[in-house]
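The values are calculated or read from the model by the stated rules, or taken from the named source; none is laboratory data. In this text, all values refer to a predicted model and were calculated from it rather than measured experimentally. Using ideal geometry, Cβ is built from the backbone for each residue, glycine included, and neighbour counts are taken over all protein chains shown. These accessible areas exclude ligands, DNA and RNA; they are computed on the full protein's heavy atoms, side chains included. Shrake-Rupley method; radii C 1.70, N 1.55, O 1.52, S 1.80 Å.
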Amino acid sequence: MPEKPKIAFYWCASCGGCEESVVDLAEDILMVADAVDIVFWPVAMDFKKTDVETMEDGSILATMLNGAIRTSEQEEMARLIRRKSKILIAYGSCAHMGGIPALANEFERSEILKYAYEDAPSVINSQHTYPEAVYQDKSRKITLPVFRNIVRTLDQVVDVDYYLPGCPPTPKLLKQAVLTLLSGKLPPKGTVLAPDSALCEECPRKESKPADLSFEHFTRPHMILSDPEKCLLAQGLICMGPATRAGCEALCINGNMPCSGCFGPTSRVKDQGAKILSSICSNIEAKTEIAIDRVLDEIPDPVGTFYRYGLAASMLRKKIAEEV
Amino acid sequence: MSTFNGNGQSIPKIGFYICHCGHNIASMVDVDKVQKYTASLPGVTVSRDYKYMCSDPGQELIQKDIKEFGLNRIVVASCSPLLHEHTFRVATEKAGLNPYFFHMVNIRENVSWVTGDKEAATDKAIDLVRAAIQRVFFHKPLVKKEVPINPDVLILGGGIAGIHAALTIANAGKKVYLVEREPTIGGHMAMFDKTFPTLDCAACILTPKMSAVKNHPNITLWSYSEVEKIEGFVGNYRATIKRKPRYVIEELCVGCMDCIDACIYKEAKYPDEFNLGMSKRKPIYIPFPQATPQVVLFDPDTCIDFKSHRCKKTCIEACDRDAIDLKQTAKYEEINIGSVILATGFKTYDAKFAPQYGYGRFPNVFTSLELERMVNASGPTSGEVLTKEGKKPKSVGIVHCVGSRDEKSNKWCSKVCCMYSLKLAHLIKEHTGAEVYNFYIDMRTPGKGYEEFYDKLMNEGVHFIRGRVAEVTDWALAAEEENKLTIRVEDTLVGVVRRIPVDMVVLSVGLEPREDASDVRRMFNISCSNEGFFLERHPKLAPVSTFTDGIFIAGACQGPKDIPDSVAQAGAAAAEVLSLICAGTIELEPNTASITEEFCSGCKSCIPLCPYSAISFKEDTKKAYINEALCKGCGTCVAACPSGSIIQNLFEDEQIFGEIEGLLRFAGIDLAGSETKGKELEHA
Amino acid sequence: MPEENINKKWEPKIIAFFCNWCTYTAADLAGVSRLKYAPNVKVIRLMCSGRVDPQFILQSLASGADGVLIGGCHPGDCHYSEGNYKMLRRFRLLQRVLRSMGVEDERVRLEWISASEGEKVKTVINEMVDTIRKLGPLGLPGKISVYDKDLAELKNEIDTEIEVDIKPSGKEMVEHA
Ligand SMILES: Cc1cc2nc3c(=O)[nH]c(=O)nc-3n(C[C@H](O)[C@H](O)[C@H](O)COP(=O)(O)OP(=O)(O)OC[C@H]3O[C@@H](n4cnc5c(N)ncnc54)[C@H](O)[C@@H]3O)c2cc1C
Ligand code: SF4
Ligand code: SF4
Ligand code: FES
């Protein structure tokens, strides 16, 4: 019997949702487990780094790595896994574009540490103790991963072959991806394994969007009782759908919530936030600066809105500030 | 990401040419250095410099290289693309290469002419060239769009310029719509008695042209009309003309004026616009005897019947042709035309804005235009020059440059005032024998026969005092100033302040853009220069063209000018129009946008953005679609498509990103398409 | 390139996007009138300010521009009637995004310059170059490559340990170039 292909899963800066999504394959997971050998999956099975190190380079067919990269340990693991895997798949929004953890790129490392170790209401740290990368205690040297000053996407650290988008990717896309891998008919490197048009394409409310939509006001989901049938943009809710890859089958829309963009942009767009901004603003009704600003005031956190998942992959990547 | 191979495109072999433009570029940009630098860039096969790239030998150089080296991209660094892009595209095409593989770098207007330091200029030129080299990698062959030219022409404004242009084009056998806002054509010239420098009678030379317009089979004259709307593009404009109601059926009225005599008002009571309020007219009137068309009109604001419906309407009874129709409403005509000439003329400076000269305050201060009417035999005084008291003035002062050459009003020289002031001086002297004083800053009489006219005036005993008049006052300081207007001026030739008492003052008001010039400009999508006159495409080489193809300008709407110049421009504009018509078709920039249907999500964001409604939603595919014939290539939808599914030819995202990268850091493009751009293909 | 950076003192780099019909023409006029202005602004010609994709602005900044100038026709004058309003709206929101991302307002400027305002091209450019000179360099992509140094260091460590070469991703290569 020929050897089954080896598959691995790994996680970096992530919430665990991606791992959950693998489990969400439900019965299909058995199909996967039948077809492949899972050789490394820290969340579910007990493996050590050394186990991986002893594997032959390129011996894993594919690794699905989720989570953004913030620490030196994550960098190290990403590199190790890269070397061991023929195919590396950035799994989920965080590995793909930085995801929610990358919103931290709006702040400096020092600000974050200060908040976490001093200012947060639940913290008492009168001695101002901060974690240090290397701690020398007599003859003992203790090291901690270095907390970098920038959150990175996986492909900003190592070479990535494919991307499986979503927060998290849907079981359907995962299943398709695994089948593709097993079939050996690989798409061009760099492909995002989801449709290359925007979410509106598969949105159940598409019909209800008027062709002459212009914005006089914006609102937010908690501020209105939104019509569950009507295009959310047409109700003044910022929906990222037009600038976001399809493939999720409009999960959020079906939950009566606007798309927040987790599938990232289409292949033709380099900066998802810039594009949705361009599209939405172009269609604002107002013509004077004052009137335009009044409408824009209704989008209180534009970076958090337009770059919720994509800040690390955006053109600017990180807030420009002095500290390094 | 595209690869050059992947796109079915050839690997770039770029030919680069930098032009010295004589010394225009070479004196500020180190042409040799740029040329050598560029030669080292990836993809560049040939790099040369040449004295005049736009000359025949320059163009041949490119053509030869295309053939010899199989060049497939051409970059020329020279002047502005607005000037010579076309030249080089044609040259490229002649050598068998698609013209849109050409790109132009502006290192003259944007570099050598505006930079003071040679090193900085050279560096800037290098950056710009690098951007262009990086850009042309992404160029694609495009098909030229050709559209037919509708041979009908719209001319706006029936002054001498509009009249002349209309006749020229109509005589060539083409159809003209002449739209004039006032009830009659003729413009300013119709108000004059004589014209400088020949002193020939304005009416004698203008009236025949006016009636020729009226009677020409190829001219449709719509007076008392305005353009409401115009849309379309060169060769294919569609305009809506509003014909304001005269309350008289134009086709029936023969201009016998019986109705005017029959009007219930026995005396004319209302200020006559054509005579600038210096005489009166009735509610039914004709602007002046030779008005064209010879059709009376009602002034609804003063006609009793319009106000109370209680007039006996003796006018209607008097008209045996039943031409009067008090229920007439505005009529809208829709016309299709291929080109437009704007000849909307000027207005004169409002002398009230120069209060020191007392216009409006002293009854005997007149504007030059009022005097033109006064000296006119058919004017309010039947050609007599009279003070408000009805007396012949014994002395008259003519103040030049009112509202011209002045920081506080208009900075420009109005060009015709010196000459018409001389003309008026002559006519006043002729009509009254008065002493005439001309107060001038500089005497400007360039033109054929103009200086001679000035000489003639000096010999006629007209006084010339050099100095800008400080004020006109009725405050007498000496006995001879009693009951007179005193002109206070520093005579700069003698260096003394003089006070000259006169019976009448004439203000030589300058020429200004019309009040609605900027509305007209917007409607026709052209620009204005700083002062507000219509802007020509090029001050020397395209003086009657505008930046909008198919829209031309002629006469004083482009800037102050006299009749000979207005007529010359009108002829030039007519020639431009005729050359368009004779060509039959025109090439449009193929810079239109298109939607890749496969990618479009049907989000409809782009649809309301298009100013030409070129984008529609296709119900069958549920995707957006651009009608290329309607797209004018602004690129607004391209910038706004949130999924990047719209492409604009010649301004593709990749081309612009290429320029950006090229300007800032040459990332370099891998020719084989294997490295930065082509990874995806090699794999798998 | 590196020697150049050391020898020459820093000069603001500004990219301008000018619409064909007004501002680009005005820049030509400035040229024809031989007005002299700072050489730091390099113009990319687009048909209309409505074509300015916010990505162009971000990409410019990310690739090393210290400022971006957008020039269009005055309100109401756009050759395509309203492209400039569309740009204005994008600009207002982009400014807010940029502010949150640590980019000073002055670095991205939108100006209405009509075809006849050659003089304004000169003043705006000179003013902007002055302002940016005072602000100093924006620092991209340098700042990111500084962060990437840790990355490279760690990589070296691992590589020397295990002696396997891992190709860095394309993005980094570009930044070091
Ligand atoms: C006091 C005075 C004396 C002059 N004397 C002489 C002289 O002796 N010799 C000489 O060579 N030059 C003279 N000039 C200059 C001369 O008046 C101009 O050169 C000439 O009138 C320019 O002709 P035009 O057709 O361009 O404009 P205009 O004569 O102003 O005609 C423009 C026409 O367009 C119409 N129009 C305007 N706007 C619109 C619109 N939106 N829609 C439709 N129609 C519109 C107007 O009603 C008008 O009929 C004199 C000027 C002045 C002020
Ligand atoms: S904006 Fe783009 S995706 Fe949306 S309908 Fe238009 S072309 Fe299609
Ligand atoms: S490029 Fe401009 S004119 Fe063309 S379809 Fe798009 S918005 Fe309309
Ligand atoms: S053409 Fe100038 S801004 Fe639109």
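Quick notes
- Protein accessible surface hidden between A and C, which excludes ligands and nucleic acids, total in Å², probe 1.4 Å: 4500
- Charges were assigned to the Cβ only: +1 to each Lys and Arg, -1 to each Asp and Glu. The resulting dipole of chain A about its Cα centre is roughly 720 debye.
- Restricted to Cα atoms, chain A shows a radius of gyration and a Dmax of 21.8, 73 angstrom.
- Computed with the Debye formula from one identical point scatterer per Cα of region A:175-305, without solvent, the log10 of I(q)/I(0) at q = 0.10, 0.15, 0.21 Å⁻¹ comes to -0.37, -0.75, -1.29.
- For C:22-30, mean number of other protein chain Cβ atoms within 10 Å: 5
- With all projection directions averaged, the alpha carbon convex hull of region A:46-151 covers 9.2 nm².
- Of all DSSP beta bridges confined to the protein assembly as shown, the antiparallel ones make up roughly 40%.
- Relative contact order for chain B, counting Cα pairs under 8 Å that sit 6 or more residues apart, in percent: 14
- Amide H contacts under 5 Å for A:Gly261: A:Met240, restricted to partners 5 or more places along the chain or on a different chain, H placed in the peptide plane at 1.01 Å from N.
- Charge tally in the Cβ shell below 13 Å around A:Arg220, where Lys, Arg are +1 and Asp, Glu are -1, A:Arg220 excluded: -3
- In summary, region B:349-512 shows an alpha-carbon radius of gyration equal to 0.96 times the 2.2 N^0.38 Å reference for compact globular proteins.
- Around the amide H of B:Ile185, modelled in the peptide plane, lie the amide H atoms of B:Thr292, all under 5 Å away and 5 or more residues distant in sequence or on another chain.
- DSSP-loop chymotrypsin sites (Phe, Trp or Tyr not before Pro) across region A:1-58, with at most 15 other Cβ within 10 angstrom: A:Phe47
- Considering only region C:2-137, percent of DSSP beta bridges that pair antiparallel, nearest 5: 5
- Mean Cβ count within 10 Å, highest first, over the residues of peptides B:210-222, B:155-167: B:155-167, B:210-222
- Around the amide H of B:Glu435, modelled in the peptide plane, lie the amide H atoms of B:Ser395, B:Val396, all under 5 Å away and 5 or more residues distant in sequence or on another chain.
- The loop-placed trypsin sites (Lys or Arg not before Pro) in region B:408-466, going by DSSP, that have at most 16 neighbouring Cβ atoms within 10 Å of their Cβ come out as B:Lys408, B:Lys411, B:Lys448.
- Global geometry of region C:1-154, whether rounded, prolate or oblate, following the gyration tensor of its Cα atoms and the 1.5 cut on a/c: oblate
- Within the same chain, aspartates and glutamates fewer than 8 places from B:Lys307 are excluded, and of the rest, those with a Cα less than 14 Å from its Cα are B:Asp299.
- Couplings for region B:522-539, taken from phi via the Karplus curve 6.51 cos²θ - 1.76 cosθ + 1.60 with θ = phi - 60°, read 5, 4, 9, 6, 10, 10, 10, 7, 3, 6, x, 6, 4, 8, 7, 5, 8, x Hz in order; Gly and Pro are left as x.
- Distance from the Cα centroid of region B:425-446 to that of region B:493-565 is 23 Å (rounded to whole angstrom).
- Dipole magnitude (debye, nearest 20) for region A:199-306, charges at Cβ of Lys, Arg, Asp, Glu: 300
- Residue-by-residue Karplus 3J(HN,Hα) for region A:157-167, coefficients 6.51, -1.76, 1.60, Hz, glycine and proline x: 10, 9, 5, 10, 8, 9, 10, 10, x, x, 10
- Under the Karplus curve 6.51 cos²θ - 1.76 cosθ + 1.60, θ = phi - 60°, whole-Hz ³J(HN,Hα) for region B:150-155, x wherever Gly or Pro sits: 5, x, 7, 10, 9, 10
- Accessible surface area normalised per residue over region B:593-648 is 35 Å², counting heavy atoms of protein chains with a 1.4 Å rolling probe.
- Entry note: chain B has Rg to Rh equal to 1.07, where both radii use alpha-carbon atoms and Rh is the Kirkwood radius.
- Between A:Leu311, A:Leu25, A:Leu199, the residue with the greatest mean-square fluctuation in the GNM of chain A (Cα pairs under 10 Å linked by springs) is A:Leu25.
- Cα centroid separation, region B:297-375 to region C:94-164: 61 Å.
- Test item: Cα-centred dipole of the protein assembly as shown, Lys/Arg +1 and Asp/Glu -1 on Cβ, debye: 1740
- Mean projected area in nm² (Cα convex hull; one quarter of hull surface) for region B:593-648: 3.2
- Residue-span extension gain [B:Glu384 to B:Thr596] - 0.36 nm each, minus C-alpha spacing: 68.8 nm
- Chymotrypsin sites (Phe, Trp or Tyr not before Pro) lying in DSSP loop within region A:107-183, provided at most 12 other Cβ fall within 10 Å: none
- If both residues of a DSSP beta bridge must be in chain A, then about 30% of such bridges are antiparallel.
- D by Stokes-Einstein for region B:258-318, Kirkwood Rh over Cα pairs, 4 °C, 1.567 mPa s: 109 µm²/s.
- Value of Rg to Rh for the protein assembly as shown (Rh from inverse mean 1/r over Cα pairs, i.e. Kirkwood): 1.08
- Rg over Rh, two decimals, region B:428-520 (C-alpha only, Kirkwood Rh): 1.05
- Electrostatic bookkeeping for B:Ser414 treats Lys and Arg as +1 and Asp and Glu as -1; over the other residues with beta carbon under 9 Å from its beta carbon, the sum is +1.
- Excluding same-chain neighbours fewer than eight residues apart, the aspartates and glutamates reachable from B:Lys388 by a Cα-Cα span under 16 Å are B:Glu370, B:Glu372, B:Asp474, B:Asp503.
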